[in-house]
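Just below is one structure, and these are the notes that go with it.
The values are calculated or read from the model by the stated rules, or taken from the named source; none is laboratory data. Remember, it's a predicted structure, so these values are computed and weren't measured experimentally. As a convention, Cβ positions derive from the backbone with ideal geometry for all residues, glycine included, and neighbour counts pool all protein chains shown.
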Amino acid sequence: MLIKTLKFDGDVLEIVKGMNWSEDGLLGTLTCGQLDRTMYIAVNKALDAMGGKWNRKLGGHVFKMDPRSSVEGLLDSGTLKVERDGFFETPLAIVKMMIGYAWPAGNILEPSAGLGAIVDNLGLSQADKHNVVCIEKNRDRANILMGKGYTACCMDFLNFKGFNRFHRVYMNPPFEQSQDILHVRYAYDCLKYGGKMVAIMSEGSFFREDKIATSFREWLDPIGRSIKLPDGSFKISGTMVNTRIVVIGK
């Protein structure tokens with residue numbers, strides 16, 4: 001996991017300190033009035049690092065998870081450590097494409113499930129959610145998944161023992177250091193015979209010449225296929241990395 005340390009000056013800290021928060025901590029609003037361009041960029045950088053996205057309609061920064069513990073740490077030290085664990089939510093348009101390649105059925109697994117952007121949009125009833133297992137290494141995100149009614153295991157997916165258990169696997173794994181390749185091959189072992197998996201993977205896995213990538217392509221060729229997604233498909237989620245959908249049957 002990559003960790004980036006950001007440092008902010010006192011003026012930024014004072015502005016963040018004076019913010020108002022909704023009761024659940026998912027909306028933070030500035031109370032300092034109009035900022036000049038330079039200061040606005042600096043403040044926005046701090047809030048963006050904590051997961052906040054500006055929402056013009058609501059007049060504040062919207063968060064997926066309550067960031068106030070991060071705010072307290074930022075105010076105490078003036079620095080913020082940001083864990084980069086490869087988490088970029090799967091856009092709804094991509095989820096719909098994934099479902100088109102494998103309609104939900106039976107027991108379902110989502111490794112590296114994040115906040116549930118894929119499983120939330122599978123059209124499952126509350127009862128069917130009991131057939132879903134989500135693996136998520138981040139404790140806060142795992143708790144959110146459990147609150148939605150899924151079985152959520154807070155762990156590294158590569159330590160999950162779920163071999164030959166699932167009819168469907170939907171996944172958007174982390175890409176750093178060929179993790180998408182390792183996760184996809186591991187997830188294949190979790191499929192039942194007759195099952196199908198759909199994964200998002202980095203474009204690099206299909207042109208790199210290192211041993212891991214070339215071995216993966218040789219493995220994939222007889223059992224699956226890949227569909228290149230348009231450039232910028234994940235721009236809305238905060239990354240411009242080029243991606244493909246991979247479909248594999250077992």
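Here is how the numbers come out for the structure above:
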quantity	calculated
Residue match in the range 202-219 (condition: touching a residue at least 12 places away in the same chain (Cβ under 8 Å) and under 16 Å from the mean Cα position of the chain (by Cα))	yes
Condition check for MET201: closer than 15 Å to GLU89 by Cα, at pLDDT 95 or above and surrounded by 14 or more Cβ atoms within 10 Å (Cβ to Cβ)	yes
Test: residue in the range 223-233 that is of a type in the set (S, T, N, Q) and touching a residue at least 60 places away in the same chain (Cβ under 8 Å)	yes
Of all residues in the range 132-149 being at pLDDT below 95 and more than 14 Å from the chain's Cα centre (by Cα), the one that is farthest from ASP66 (Cα to Cα)	GLY149
Members of the range 121-177 found to be more than 26 Å from GLY100 (Cα to Cα) and part of a strand (DSSP E or B), listed by number	CYS153
So SER112, is it over 26 Å from ILE227 (Cβ atoms) and of a type outside the set (Val, Ile, Thr)	no
Condition met for ILE144 (over 22 Å from ILE248 (Cα atoms) and either of a type in the set (Val, Ile, Thr) or not assigned by TED's automatic domain parsing to the domain that holds ARG185 (or both))	yes
